[in-house]
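Student: Have a look at this one before I ask anything.
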Amino acid sequence: MTNAHALKTVVFPVAGKGTRFRPATLATPKELLPLVAKPLLQFAIEEAVMAGAEKLIFVSSELKPGIAAYLSHPGVTADCDVVVVNQEKALGLGHAVLCAREHVQDDSFGVILPDDQIFGPVGCLAQMAAARGESNANMIAVEPVAREDTNRYGIIDPANHRGRLVKAKGIVEKPMPQDAPSELAVVGRYILDAGIFERLADQSAGSGGEIQLTDALARDIERQGLEGYRFNGQRYDCGTPSGMLDATIAFARASGDLCQSLERSLSYAA
Ligand code: G1P
């Protein structure tokens, strides 16, 4: 990735309660759950740095002091400036991103949801930054999902496809399968124009009674445009125990020593 397209600021919404991972998350934030020995958050930080990040903004919660404790360890955030802000109330992803507003000085910034772990030849956010180039359109990573799963994701209404780019003429949060405009789902990577903060500031509650980033993106389409990016890589939903298990196995298979352990344990099981 060329520095001309580097993303200097990346926001990490990490205030979620992690209810699907209890009891593990009673004391450990879900973003600090590891793939073997490396926390999901560390993968996310490394992906941001690969995209050119120099400033990392973590939107956490006072109920999760472990996040700030982790970030205070030397080396985990490379040489980046680090800001931790607390989201006072769990009002949704859009509200979480809005909490970062006063710390974002650039015209564009990235957002990584550490739950979505993506393994690929190049970090997903770096791929997106390179594909976005000089454009100031809002950009989201997308991938096809099964029709019966559309109510778990933001879903775009595609206008046209150009290589990995999919121009969107609409986006809707968690539509029922029969109402979904397509099967192209948003995964947790965004590059946003800072103008999105204006939309988020007066965004009313949407799906689940929460302030949704998806709804602000939909309202911003006319002004800013919206591009889906079909990334090169494999995504694992580490917000669910089965996705976490799949990601752990994929990670182990790709690492020399762990791969041998994995093969050994699978041969015991056979
Ligand atoms: C959030 C977004 C959704 C997106 C998903 C990707 O939902 O609101 O649009 O598809 O992340 O992981 P959540 O999973 O936080 O409910």
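Student: Pop out the carbon and sulfur fraction of the accessible area of the stretch 186-236 as a percent, whole number, probe 1.4 Å.
Tutor: The computed percentage sits at 35.
Student: Full-extension gain between Asn160 and Ala205, please, as 0.36 nm times their residue separation minus the C-alpha to C-alpha distance.
Tutor: Fully extending the segment from Asn160 to Ala205 adds 13.3 nm.
Student: Here's something else I'd like to know. Could you put Tyr268, Tyr229, Tyr70 in order of accessible surface area, largest first, with the 1.4 Å probe and the full protein assembly present?
Tutor: The ordering from most to least exposed comes out as Tyr268, Tyr70, Tyr229.
Student: Hey, any idea what the orientation-averaged projected area of the convex hull of the stretch 87-148's Cα atoms comes to, in nm²?
Tutor: Over all viewing directions, the stretch 87-148 projects a mean Cα-hull area of 6.3 nm².
Student: Kirkwood Rh over alpha-carbon pairs of the stretch 110-212, then Stokes-Einstein at 10 °C and 1.306 mPa s: what D in µm² s⁻¹, rounded to an integer?
Tutor: Estimated via Stokes-Einstein, D reaches 108 µm²/s.
Student: What whole-number value in Å² describes the accessible area per residue of the chain for a 1.4 Å probe?
Tutor: Per residue, the chain has 47 Å² of solvent-accessible surface.
Student: Using only the alpha carbons of the chain, what is the convex hull's orientation-averaged projected area in square nanometres?
Tutor: 15.1
Student: Also, I was wondering about something else. Once you put a point 7 Å from the Cα of Phe119 and another 7 Å from the Cα of Asn136, both along the Cβ direction, what distance in nm separates them?
Tutor: Once both label points are built, they end up 3.9 nm from each other.
Student: Of the heavy-atom accessible surface of the stretch 1-76 (probe 1.4 angstrom), what whole percent is carbon and sulfur?
Tutor: The value for the stretch 1-76 is 58 percent carbon and sulfur by accessible area.
Student: Rank Asp107, Asp149, Asp193 by accessible area, highest first, at a 1.4 Å probe radius?
Tutor: If we order Asp107, Asp149, Asp193 from most to least accessible, we get Asp107, Asp149, Asp193.
Student: Right, another one. Roughly how many Å is it from the Cα centre of the stretch 239-270 to that of the stretch 137-178, as a whole number?
Tutor: 31
Student: Related question: If you plug each phi of the stretch 142-156 into the Karplus form 6.51 cos²θ - 1.76 cosθ + 1.60 with θ = phi - 60°, what whole-Hz ³J(HN,Hα) values come out, in order, with x for Gly and Pro?
Tutor: Taking θ as phi minus 60°, the curve returns 9, 8, x, 10, 5, 3, 5, 9, 4, 7, 9, 9, x, 10, 9 Hz for the stretch 142-156.
The values are calculated or read from the model by the stated rules, or taken from the named source; none is laboratory data. If you're wondering where the values come from, they're calculated on a predicted model, not measured in any experiment. Virtual Cβ from ideal backbone geometry, glycine too; neighbours counted across all protein chains shown. Just the protein is used for accessible areas: all its heavy atoms, side chains included, with ligands, DNA and RNA removed. Shrake-Rupley method; radii C 1.70, N 1.55, O 1.52, S 1.80 Å.
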